[in-house]
Every structure is written in structure tokens, then in C-alpha cells.
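The values are calculated or read from the model by the stated rules, or taken from the named source; none is laboratory data. Only a predicted model underlies this, so the values are computations on that prediction, with no experimental measurement involved. No Cβ is skipped: glycine too gets one built from the backbone with ideal geometry, and neighbour counts run over all protein chains shown. Surface accessibility is based on the protein's heavy atoms, side chains included, excluding ligands, DNA and RNA. Shrake-Rupley method; radii C 1.70, N 1.55, O 1.52, S 1.80 Å.
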Amino acid sequence: MKSCCPPKWIHIFKAISDAHRQNILFLINEHKKINATDVIKKIKLSQSTISHHLIILTDAGLIKAVKQGKNSFYSVNKDAIADCCLGYL
């Protein structure tokens, strides 16, 4: 069956289909740049659950991770969102 969307869009849609990932995405967008520890404090999920969601969002290209020392800082990949979702955020 042929899809109407490019495969990368389907990957993005699957990533944002989860309410926790939507909340994480909006939180990251709100802060422009945030580390996982601060995401855990604000979203109040376990470290392993947050890490799992961050990996899915990163793999989908919705967020970028930049390593600084021992921390990774996350920011929204506005280009991916603009390409797929017409700049929804």
C-alpha cells in the first residue's frame, strides 16, 4: 500500500502520537535548550522513561541533542517541524 506521506513524516507522526512526548516537546520548545535532569523535574516521570522518550524524539529528528560535558542539552529541531508540520510550534 502506498503512503501519502514521506517515510520521515510517518516516523515523526509516530513519535508525537504519545502524550508524554508531546509534553516533552512543548517543554523543550518553551525553554529553547534544556537538559534531561530538568525535563525529569518538570515532567515527573522516571529517568529511564524520559530517556526513552528523548531517544524517540531525537531519532525522529524532532529534537537535537548537544553534549556539553556530562550533560546533553536538547532543543527543538524547528526545520523538521516546519518541513512536516508547517511550523506548528
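Plainly put, the chain has a radius of gyration that is 0.98 times its Kirkwood radius, both from alpha-carbon atoms, as the Rg/Rh ratio.
Note on the chain: with neighbouring protein chains present and a 1.4 Å probe, carbon and sulfur make up 57 percent of its accessible heavy-atom surface. Partners of Lys78 within straight-line reach, counting aspartates and glutamates whose Cα lies under 18 Å from its Cα and excluding those fewer than 8 residues away in the same chain: Glu30, Asp59.
In this simple spin-label model, placing a label point 7 Å from the Cα along the Cα-to-Cβ direction at both Ala82 and Asn35 gives a separation of 3.0 nm.
Pairs Lys8/Lys44; Lys8/Lys64; Lys32/Lys67: which exceed 19 Å Cα-Cα?
The pairs that break the limit, which is 19 Å between Cα atoms, are Lys8/Lys44.
Heavy atoms of the protein chains alone define the surface here; on that basis the stretch 15-71 has 60 Å² accessible area per residue at 1.4 Å probe size.
Run lengths n ≥ 4 of DSSP H only: what is the helix-derived mean residue ellipticity at 222 nm for the chain, with -39500 (n - 2.57) per run over all residues, to the nearest 500?
-17000 deg cm²/dmol
Between Lys14 and Ser51, residue separation times 0.36 nm minus the direct Cα-Cα distance comes to 11.6 nm.
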